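Everything below concerns the one structure shown next.
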2 protein chains.
Amino acid sequence: MDKETLLQVHERIKPFIHRTPVLTSELLNEMSGTRVFFKCENFQKMGAFKMRGAANAILSLTDEERGKGVVTHSSGNFAQAVSLAAKKLGVKAYIVMPENAPQVKKDGVKTYDGEIIECPSTIQHREDTAKQIQEDKGATFLHPSNQDEVIYGQGTAAIELLEEQPGLDYIFTPVGGGGLLAGTALAAYYFSNNCKVIAGEPIEADDAYRSLMSGKIETNETYDTVADGLRTHLGDRNFPIIQEHVEKIIRVSEDEIISAIKLIWERMKIIVEPSSAVPFAALLRDKKDYKNKKVGIILSGGNVDLRNLPFN
Amino acid sequence: MDKETLLQVHERIKPFIHRTPVLTSELLNEMSGTRVFFKCENFQKMGAFKMRGAANAILSLTDEERGKGVVTHSSGNFAQAVSLAAKKLGVKAYIVMPENAPQVKKDGVKTYDGEIIECPSTIQHREDTAKQIQEDKGATFLHPSNQDEVIYGQGTAAIELLEEQPGLDYIFTPVGGGGLLAGTALAAYYFSNNCKVIAGEPIEADDAYRSLMSGKIETNETYDTVADGLRTHLGDRNFPIIQEHVEKIIRVSEDEIISAIKLIWERMKIIVEPSSAVPFAALLRDKKDYKNKKVGIILSGGNVDLRNLPFN
């Protein structure tokens, strides 16, 4: 992995992604005591940064591999990202989903012509079903966060953010599976002048925080968090990058996350999904440490079910 | 009223407003069969186009008048707009609100240091209370929609939209009190090459539609619409402009409005208030008439109560 590779990845995926805007809010600056630059991946194609990694992963395949299709198991944004990226590249996408996945998630995949294969909802069933499709169809398995091509793709959001704001002192991202965090950390390492990368993580699913403490990949026994995109754990490809290049992980409560969502929705008038509000919640929690700094925040996505919102 | 006046108004208010972005969506273009350019006044200061008219109205006052303050009665966006514009200009703002107005509306005014004077909720009480403040304080009354300075101010959103998209065939706005619609119609008349202006209006509060039909200002006996900003009726200053310069008014059902809100929220990932979705609902309803045209839509505002959303 080097700077040149990341640049090539960025060039390669450009035709398949939006260059998303960087927004600011006077009110949120005042509230946080710092200057915050929000990289709006909620405006990305299919509504999340996952499009970047999915596009890069499929672009990395040989023609022969592309001819046999790709497979992933996900009920979240990566399923839609793989479906859309595959569609744009004329590649068949098999999406393994638990049979009890919400209809809105299934509809999202169908919109982009992904073929849904349902299975019982345990992780074992999902992995077995995906493996079966690899064998039967010769399809290539794509991992949502623990695969180099995916990690590099996710890092391109931070490259764009740093192009617009080269003087950032910090970039905050959420951490779930670790792909966005690792990619961002690489981008900051190669493309900034000592910009530090910090993650926000729900206390209720703080496996990444505990992993940094213990030095090995920890998992969650429960994950009772509104940030549904962050319930997963790190992997062997992204964890070493995170260990080496991430400054720290700040944990936030559910109340802090919901309060941050409301601030972004009400003040910025943009829709972000709960996971996206986690890094801003982390900044607000420790705002005394970032007074008068320049902080970038990656708003990871904007796919929410409007019939099921966390406000009361 | 002439072109030069509108330009002067625009120059004058520029330091007090955002130049809001114009956004597009491939999916909504496909869905409507036309090219739609959304002027995002939901990103305006205090969250709505009303800031433009309020700023211009206060800027039009003499120093002596400014010294005595301004007064309006409103429980909506105009109350916040007057409060914020007055604050920025060092002018006292008295806001008459019904005592049963939602706390979220009162809080909005307080954020901008407006002084709230509560009264019983009938229109007569509100008018009487405002008149009393005019007499007691010498404050100048500002009307949310039926005052020339306000109408000209609201027209500046369309000036900006036409600067960015000079080739628009149509501009759609919502119509409630008529200030935005009349201002937009003047702007299109003076600053476009035959761009036509069309309004969307809820069937449940279709006073403006009926006014254009009958040739006199009609009112609503009931207004059971989710588009809470559009429950008012036209006035003697804006109605003649609307009669002369507006192409037509398209009425939409509550289901069409809610469906349009959801499309804008889900597809564009931006928050608009129900009134803002009315013109897009109107375009979708009659989309066969606008095939392959270039249509501007003014998204009037983004102030919603997240605890009370029209989704189920």
Per the helix-only calculation at 222 nm, which mean residue ellipticity applies to chain A, given -39500 (n - 2.57) for every DSSP H run of n ≥ 4 and division by its residues, nearest 500 deg cm²/dmol? -13000 deg cm²/dmol
In degrees between 0 and 90, to the nearest 10, how far off the longest principal axis of chain B does helix B:254-263 point, with axes built from Cα atoms? 80 degrees
Across peptide A:300-307, what mean number of C-beta atoms from other chains lies inside 10 Å of a residue's C-beta? 3
Per GNM of chain A with C-alpha springs under 10 angstrom, the most fluctuating residue out of A:Gly155, A:Gly167, A:Gly108 is A:Gly167
Estimate for me the total accessible surface buried between chains A and B (protein heavy atoms, probe 1.4 Å, no ligands or nucleic acids), in Å² to the nearest 100. 1800 Å²
Roughly to the nearest percent, how much of the accessible area of chain B is carbon and sulfur, given a 1.4 Å probe? 44 percent
Straight-line reach from B:Lys137: which aspartates and glutamates have Cα under 20 Å away, leaving out those fewer than 8 places along the same chain? B:Asp63, B:Glu64, B:Glu65, B:Asp113, B:Glu115, B:Glu118, B:Glu127, B:Asp128
Loop-only check: which GluC sites (Glu not before Pro) in the range A:47-127 are DSSP coil with at most 13 other Cβ within 10 angstrom? A:Glu99
With everything on Cα atoms, drop me the angle between helix B:50-59 and the longest principal axis of chain B, reported from 0 to 90° to the nearest 10. 40 degrees
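What does DSSP give for the protein assembly as shown in terms of the percent of beta bridges that are antiparallel, rounded to the nearest 5?
Among the beta bridges of the protein assembly as shown, antiparallel pairing accounts for roughly 10 percent.
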Shortest first and in nm with one decimal, please list how far the B:Gly138 label point sits from its counterparts in the other copies (point 7 Å along Cα→Cβ). 8.9
Quick one: of the DSSP bridges fully inside chain A, what percent are antiparallel, nearest 5? 10 percent
Apply 1/(1 + (r/R0)^6) to the Cβ-Cβ distance of A:Lys68 and A:Arg12, taking R0 = 30 Å, and write down the FRET efficiency to the nearest 0.05. 0.90
Name the residue, out of A:Lys288, A:Lys196, A:Lys106, whose mean-square fluctuation peaks in a Gaussian network model built on chain A with Cα pairs under 10 Å. A:Lys288
List the distances, in nm and shortest first, from the label point of A:Asn29 to the matching label points in every other copy, placing each point 7 Å from Cα along the Cα-to-Cβ direction. 3.2
Scale the Cα Rg of the range A:192-239 by the rule-of-thumb value 2.2 N^0.38 Å and send over the ratio, two decimals. 1.25
At 1.4 Å probe size, with every protein chain present, just tell me what the per residue accessible area of the range B:1-73 comes to in Å². 40 Å²
Binned at 20 Å from 0, what are the whole-percent values of the Cα-Cα distance distribution for chain B, short to long? 36, 59, 5
Expected max-MSF residue from B:Tyr190, B:Tyr170, B:Tyr152 in the GNM of chain B (alpha carbon, under 10 Å) is B:Tyr190
With every protein chain kept in place and a 1.4 Å probe, the range B:200-303 has an accessible area per residue in Å² of 42 Å²
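In debye, nearest 20, what is the charge dipole magnitude of the protein assembly as shown about its Cα centre with +1 on Lys and Arg Cβ and -1 on Asp and Glu Cβ, if you could check?
Around 960 debye, computed over the protein assembly as shown.
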If one takes the longest principal axis of the Cα atoms in chain A, at what angle in degrees, from 0 to 90 and to the nearest 10, does the Cα axis of helix A:3-13 lie? 60 degrees
Please list log₁₀ I(q)/I(0) at q = 0.17, 0.20 Å⁻¹ for the range B:93-236, using the Debye equation with identical point scatterers on the alpha-carbon positions. -1.09, -1.27
All lysines inside 24 Å of B:Lys216 as judged from Cα atoms, apart from same-chain residues fewer than 8 positions distant: B:Lys196, B:Lys248
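Could you tell me what % of all Cα pairs in the range B:145-230 have separations over 23 Å? Could the numbers behind the result be given before it?
Working: 947 of 3655 pairs.
That tail contains 26 percent of the Cα-Cα pairs.
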Restricting the calculation to Cα positions, tell me the Rg (one decimal) and the Dmax (whole number) of the range B:50-141 in Å. 12.0, 34
Report the per residue volume, in Å³, of the convex hull enclosing the C-alpha atoms of the protein assembly as shown. 155 Å³
Sort shortest first the distances from A:Gly167 to its counterpart in every other copy, using label points 7 Å along the Cα-to-beta-carbon line, and give them in nm. 3.9
Please name whichever of A:Thr72, A:Thr111, A:Ala86 sits farthest to the positive end of the charge dipole of the range A:62-112, dipole taken about the Cα centre and charges placed at Cβ: Lys and Arg +1, Asp and Glu -1. A:Thr111
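The values are calculated or read from the model by the stated rules, or taken from the named source; none is laboratory data. For clarity, every value in this text was computed on a predicted model and none was experimentally measured. Note: ideal-geometry Cβ built from the backbone for every residue, glycine included; neighbour counts use all protein chains shown. The protein model used for the area step is the full one, side chains on, heavy atoms only, and it has no ligands, DNA or RNA in it. Shrake-Rupley method; radii C 1.70, N 1.55, O 1.52, S 1.80 Å.
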